[in-house]
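The values are calculated or read from the model by the stated rules, or taken from the named source; none is laboratory data. Source: prediction; values computed, not measured. Positions of Cβ are generated from backbone atoms using ideal geometry, with glycine treated the same way; all protein chains shown enter the neighbour counts. Ligands, DNA and RNA are excluded from the accessible area calculation, which covers all protein heavy atoms including side chains. Shrake-Rupley method; radii C 1.70, N 1.55, O 1.52, S 1.80 Å.
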Amino acid sequence: MRRKLLLLLSIGWIFNYVHRMAIPPLIPIIKNELGITNAQAGLLMTSLLLPYALTQVPAGYFGDKIGRKRLVVISILGYSLASSLMVFARQYWHLISVRALYGVFAGLYYAPSTALISEVYKEKKGSALGVFMIGPPVGSAIAPAIVVPIALALEWRYSFVIISLMSALIGIALIHGVKGEVRHVERVNFAIPKNVFRLSLMNFIALAAFFGMLTFLPDFFVDKGRSIEEASFYFSLLSIVGIFGSIAGGTIYDRVGKGSLFSALFFNMFLSFLLVKTTYPILVLPLGLFFYSVGPIVTAYTSEHATPENLGTVMGFVNMMGFFGATIGPYFIGLLIDRVGYEMAFYSISGMYLVSLLIFMFEWK
């Protein structure tokens, strides 16, 4: 039962990222069609990430209260329907509105899912969460493979209809494949321990860097003279390698604990700097390993700061703070690109990882 649960939750998380990361490969096309700036393009990510962030704590609490599996199903079916509305979008504010609605339903997914996995797998939660957290790299990798061919052959809006149909099937499979609720929380406690605030600040800055990089990486390579197909390939390659990084990050956490987070943040800082300095596409290979290892490590480490009664709430709070950073990151990087160019904007990503590393060092002490 728990393997089937982990499989379906992981696939649902993959499609959660397919929907949100469908925009970056399409940014050159959307900018050309609508005549928007890089900062406005960044807001297409911000518009979903802000409501996503705001729903994290309520999602954790209500997942504990009404049933975590039930809330996950509502999330999948809801974000599938919301994202499919992109087919009707014709103006910039239409795109912003649809992405925001998607963000509300997508935000209901993470906290109840990770709380459920942490409880079901207990001492092996790092490894299980490493499997679950392949969602970001797998979803980010296959998003261009779906949306770019459709955009070039038909029109980019139809790609959202197709991925919506695919993700809705996962919600239906979860309803029929896992009967009833897997875990019930007898006494729900809406409490945030003080010792998670520094961890939350670190997550805020790290996810600002993460989503700033993901949003504009294809456009960065296009600016350096690569075609959109080649840039999308590098974007997918980063994410494909990230699959192994996610699994490795969770496994290593089970063995060495929070020291694994120090290493992940350090190499993200170093490799993102090298990528901008050299513009060698080959660097997406090692960067992908460390880029995606942070998620399962932070998730497993966060669960150590909670009790069964407030596990969903704590998971939701740390992720909420992280996605406030993710909300700001794409717009901030887009604004820097407009004002100082791609190189300086991308150097700031390395700087953000440095700051998050310093904050974690104080947390470690």
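From a point 7 Å beyond the Cα of Glu33 in the direction of its Cβ, which residues of region 143-157 have a backbone N at a distance under 13 Å? Under 13 Å, as judged by backbone N against the label point of Glu33, lie 147-157 of region 143-157. Summing Lys and Arg as +1 and Asp and Glu as -1 over all other residues whose Cβ lies under 15 Å from the Cβ of Ser159 gives a net charge of +1. Rounded if a/c is under 1.5, else prolate if a/b is larger than b/c, else oblate: which is the chain, with a ≥ b ≥ c the root eigenvalues of its Cα gyration tensor? Since a/c reaches 1.5 but b/c is at least a/b, the shape of the chain is classed as oblate. Report summary: the helix-based calculation at 222 nm, which adds -39500 (n - 2.57) for every DSSP H run with n ≥ 4 and divides by the residues of the chain, gives -27000 deg cm²/dmol. Quick one: compute a quarter of the convex hull surface over the Cα atoms of region 79-185 and quote it in nm². In nm², the orientation-averaged hull projection of region 79-185 is 8.0.
What the Cβ-Cβ distance of Glu230 and Arg255 gives, at R0 = 30 Å and to the nearest 0.05, is a FRET efficiency of 0.20.
Val318 contributes about 0 Å² of solvent-accessible surface, heavy atoms of the protein only, 1.4 Å probe.
Just list whichever of Lys194/Lys258; Lys124/Lys194; Lys69/Lys258; Lys4/Lys65; Lys122/Lys258 have alpha carbons separated by over 20 Å in the model shown. Pairs exceeding 20 Å: Lys124/Lys194; Lys69/Lys258; Lys4/Lys65. Distances between every pair of Cα atoms in region 268-346, grouped in 5 Å steps from 0 to the bin holding the largest one, split as 3, 13, 15, 17, 18, 14, 9, 6, 3, 1 percent. Modelled spin-label separation between Leu274 and Leu165, with each label point placed 7 Å from Cα along the Cα-to-Cβ direction: 4.3 nm.
Ranking Ser246, Leu283, Met213 by how far each Cα lies toward the positive end of the dipole of the chain (charges on Cβ) leaves Ser246 at the top. Normalised size of region 203-304, defined as Cα radius of gyration per 2.2 N^0.38 Å with N residues, equals 1.09. What the pair-distance distribution of region 190-235 shows, using all Cα-Cα distances binned every 10 Å from zero, is 25, 29, 20, 15, 10, 0 percent. When +1 charges are put on Lys and Arg Cβ atoms and -1 charges on Asp and Glu Cβ atoms, the dipole computed for the chain relative to its Cα centre reaches about 760 debye. Protein-only accessible surface at a 1.4 angstrom probe places the residues Tyr109, Tyr61, Tyr342 in the order Tyr61, Tyr342, Tyr109, largest first. Shape annotation for region 1-141: C-alpha extents along the principal axes are 51, 29, 22 Å, from largest to smallest. Solvent exposure of Thr278, expressed as accessible area, is near 40 Å², computed with a probe of 1.4 Å over the protein chains only. Other residues with beta-carbon under 13 Å from the beta-carbon of Tyr52 carry, at +1 per Lys or Arg and -1 per Asp or Glu, a net charge of +2.
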